[in-house]
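Below is one structure, written out as structure tokens; the observations come after it.
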Amino acid sequence: MPILHGGQLFLSGLKLALSPKLRRYIIVPATINILTFGVTLMLVVIPLAGDAGDWLQSNLPNWLGWLQGTLLVLAYLTLGLAGFWLSSLLVNLIAAPFLGQLAQATWALSKPGAVTPEGPRLLASIGPSVMRELQKMSYHLPRLLGLLLLSLIPGLNALMPLVWLGFSAWLMAVQFADYASENQHHRFNVTLQRLARARGRALGFGACASVTLAIPFLNFLAIPAAVVGGTLLWQSITEDGT
């Protein structure tokens, strides 16, 4: 089943990321993740969550008072997912050269004897990696903004946590499979096209990555693990000729 296969690829990536041969590649990205997540939580998520609670208390009609607790939970979940996504986008931008090196090392480790895509050295990769991340952000951000606006619509916002989970699963697959794709010198639109042809596998991988990113403390390892798993995902798509 493609969705289960995608989830298995993420779990394999999580296990492989902790192997001694890859451990040195995840130290810098994990550190950047911890710092960025802490700043995002303190400056964005917590203030917005407080504002959402105050707004509901002030504007919710008395006859809907019984819904206040449920709506608060839904609002916190939506803001939490949005905050995790904002944090991950910043980490991916700042740590892009290190994540590209991690994808390259993963490819070499998971396929001994296979031809390993040659990527540029770390310093030489900074400019191209940042430009690639900006291209991905131009794909991600308008869609994330649209979801945030939909989250403000009464009634519809009750469904938004599920919508966020489904859409974030797709964006996760795009984000983390693209490092291996970039190392193979593919354009970003090639990443989108190939993932679309293996959508079930991509969504299974992305759903696991999204859930892991939302788990406190485990989320600090989620981005490096997702890069490793995304590389395995891209390998499986490449081998299938998808």
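The values are calculated or read from the model by the stated rules, or taken from the named source; none is laboratory data. What you see is a predicted model, and the numbers here were worked out from it, not measured in a lab. As a convention, Cβ positions derive from the backbone with ideal geometry for all residues, glycine included, and neighbour counts pool all protein chains shown.
Does region 142-152 hold any residues that are surrounded by fewer than 16 Cβ atoms within 10 Å (Cβ to Cβ) and part of a helix (DSSP H, G or I), and which are they?
Hits for region 142-152 are PRO142, ARG143, LEU145, GLY146, LEU148, LEU149, LEU150.
May I ask you to list the residues in region 21-30 that are of a type in the set (Val, Ile, Thr) and either surrounded by 14 or more Cβ atoms within 10 Å (Cβ to Cβ) or at pLDDT below 80 (or both)? Spell out the reasoning first.
Within region 21-30, the subset of a type in the set (Val, Ile, Thr) is 26-28.
Matches in region 21-30: ILE26, VAL28.
Matching residues to (1) out of contact with any helix residue (DSSP H, G or I) (no Cβ under 6 Å at 6 or more places or on another chain); (2) part of a helix (DSSP H, G or I); (3) small (Gly, Ala, Ser):
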{"site": "PRO154", "(1), (2), (3)": "yes, no, no"}
{"site": "TRP164", "(1), (2), (3)": "no, yes, no"}
{"site": "SER168", "(1), (2), (3)": "no, yes, yes"}
{"site": "PHE176", "(1), (2), (3)": "no, yes, no"}
{"site": "THR191", "(1), (2), (3)": "no, yes, no"}
{"site": "GLY200", "(1), (2), (3)": "no, yes, yes"}
{"site": "PHE205", "(1), (2), (3)": "no, yes, no"}
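Can you confirm whether region 219-239 contains a residue that is among the small types (Gly, Ala, Ser), over 19 Å from HIS5 (Cβ atoms) and either surrounded by fewer than 16 Cβ atoms within 10 Å (Cβ to Cβ) or within 11 Å of the chain's Cα centre (by Cα) (or both)?
Yes: one or more hits.
Under 6 Å between Cβ atoms, at least 6 apart or on separate chains: pull out the pairs that start in region 165-185 with a residue that is under 22 Å from ALA108 (Cβ atoms) and end on any residue that is outside any helix (DSSP H, G or I).
As it stands, the answer is ASN183/PRO117; ASN183/GLY119; GLN184/PRO117, since those pairs meet every condition given.
Name every residue in region 208-218 that is more than 9 Å from the chain's Cα centre (by Cα) and either touching a residue at least 24 places away in the same chain (Cβ under 8 Å) or not in a loop (DSSP other than H, G, I, E, B) (or both), in order of residue number.
Those that are more than 9 Å from the chain's Cα centre (by Cα) and either touching a residue at least 24 places away in the same chain (Cβ under 8 Å) or not in a loop (DSSP other than H, G, I, E, B) (or both): CYS208, VAL211, THR212, ALA214.
When you go through ALA105, ALA158, ALA124 one by one, which is the residue that is modelled with pLDDT of 90 or more and in a helix (DSSP H, G or I)?
None of the others qualify; the one that does is ALA105.
I'd like the full set of residues that are in a helix (DSSP H, G or I) and hydroxyl-bearing (Ser, Thr, Tyr), limited to region 219-242.
THR231, SER236, THR238
May I ask you to list the residues in region 1-23 that are under 12 Å from LEU221 (Cβ atoms) and outside any helix (DSSP H, G or I)?
Matches in region 1-23: LEU18 only.
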